[in-house]
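Heads up: the structure comes next, in structure tokens.
The values are calculated or read from the model by the stated rules, or taken from the named source; none is laboratory data. Worth saying up front: this structure is predicted, and the values here are computed from it rather than measured. All Cβ positions, even for glycine, are placed from backbone atoms using ideal geometry, and neighbour counts span all protein chains on display. The area values use the complete protein model at the heavy-atom level, side chains included, leaving out ligands, DNA and RNA. Shrake-Rupley method; radii C 1.70, N 1.55, O 1.52, S 1.80 Å.
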Amino acid sequence: MTSQNLDQFLESNISDLKEKGLYNEIDTLEGANGPEIIIEGKKLLNLSSNNYLGLATHQDLKDVAKQAIDSYGVGAGAVRTINGTLDLHIELEKKIAAFKGTEAAIAYQSGFNCNMAAISAVMDKNDAILSDALNHASIIDGCRLSKAKIIRYEHSDMADLRAKVEEATGSGAYNKVMVITDGVFSMDGDIAKLPEIVDIAEEFDLITYVDDAHGSGVTGDGAGTVKHFGLQKKVDFQMGTLSKAIGVIGGYVAGKQSLIDWLKVRSRPFLFSTAVSPADAAASTKAIDMLMKSTELNKKLWENGDYLKKGLKALGFAIGNSETPITPCIIGDEKQAQTFSKRLREEGVYAKAIVFPTVPQGTGRVRNMPTAAHTKEMLDRAIRIYEKIGKEMKLI
Ligand SMILES: *Cc1c(COP(=O)(O)O)cnc(C)c1O
């Protein structure tokens, strides 16, 4: 017999979540995650993916992935440090370093796993980490794993950051102090104040770590938020993911050679988890190569983002202060945000509601992620449906 204690735990916790309306039922896509998707046999306009440039379904990436399978097979066969390092992984790392303007880079199996790996390879219980209040879950978990003291500062509040840095460095209690932030914050689409953060870091000799999961492929003509501000020589860790704008799977840190050398001998997911498959590595390299050669997809993404924002704003929706194509439509009340999202879906638009605790109470919203793959016709259709539901629910 399996554990009754476990059964009790699961039953009481799952029913508790269901009662509170917090139990997430996951939708299944019947086909590719493109600008339009099929769920339960119904075609929906997709405004929920992180596939910013439409690369997840790009023909050139599919072609190189198939070639890689033909030449190398489907798996890397081992962890990187035994004999799972293929020339495809080295090419990918070289490409990432060139893309990010750094001496070197290390690739991991995912962005989440990269944050687990990289923070704890450098920081320990004698150190402190200043972390933006809205940082991603994987940053928070990576910081926890390091056992360093975690000091949260108010979101993008530079006065608060400075005060807490002064306190942490002045106390003499820590060997090393790191400041860590998302480059682009995914719920509001705002950009971290990297020039100020870097100034403070230089003044107090802090280690700087920027998670640019939502910036890569988007800001800085595609090269990310650090490039956007021209700070490639001043940020220690440029972390990113290959699974959002790049369209494939994987994560990475780009930085100076000595840092990458250290991560290759000390970061545990690199040492103890098998490398990404040949197809993944080849497709990611191809994607980055395309972004370095042409900004066409990047321009299209921003054009589409601006178009959707303008359309929703003209209708009278509150779209917040996004500085990127991420377009929140802030409804306020949590239940209304959920109803709004449900009605959008019934009318053919798939845009997820985001509510407390993911965002502050009373700022329930529907989050829209237009991509380079959307056509003007699709965006017009979305705006028309927004207008219809907005009027129906007396929100505009
Ligand atoms: C999505 C995300 C990650 C995780 O990346 P994956 O490659 O999907 O594991 C890490 N950090 C931030 C800020 C993210 O948005």
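General remarks:
- The residues listed here are ASP182, ASP132, ASP188, ASP141; of these, the one that is within 22 Å of GLY240 (Cα to Cα) and at pLDDT below 95 is ASP188.
- Pair list, Cβ < 9 Å and 6+ apart or interchain, from the stretch 21-39 residues that are assigned by TED's automatic domain parsing to the domain that holds GLU347 to residues that are assigned to a loop (DSSP other than H, G, I, E, B) and open to solvent by 70 Å² or more (accessible area, probe 1.4 Å): ASP27/GLU40; THR28/GLU40; GLU30/GLU40; ILE37/GLU30; ILE38/GLU30; ILE39/THR28; ILE39/GLU30
- Which numbered condition VAL226 fails, given (1) part of a strand (DSSP E or B); (2) more than 13 Å from the ligand (Cβ to nearest atom); (3) open to solvent by less than 10 Å² (accessible area, probe 1.4 Å): (1)
- Check on PRO325, touching a Pro at 6+ places or on another chain (Cβ under 8 Å), under 28 Å from GLN109 (Cα atoms) and open to solvent by less than 40 Å² (accessible area, probe 1.4 Å): yes
- Some residue of the stretch 239-255 being part of a loop (DSSP other than H, G, I, E, B) and away from the ligand (no atom under 15 Å from the Cβ): no
- Filter result for the condition that a residue is open to solvent by 20 Å² or more (accessible area, probe 1.4 Å) and either within 15 Å of the ligand (Cβ to nearest atom) or in contact with a strand residue (DSSP E or B) (Cβ under 8 Å, 6 or more places away or on another chain) (or both), over ASP211, ASP199, ASP236, ASP221: ASP236
- Some residue of the stretch 294-301 being closer than 14 Å to LEU379 by Cβ, outside the structural domain of THR241 (by TED's automatic domain parsing), touching a residue at least 24 places away in the same chain (Cβ under 8 Å) and open to solvent by less than 40 Å² (accessible area, probe 1.4 Å): yes
- Positions within the stretch 138-155 being under 11 Å from THR181 (Cβ atoms) and open to solvent by 20 Å² or more (accessible area, probe 1.4 Å), in sequence order: HIS155
- Test result for ASP289, within 16 Å of the ligand (Cβ to nearest atom) and among the acidic types (Asp, Glu): no
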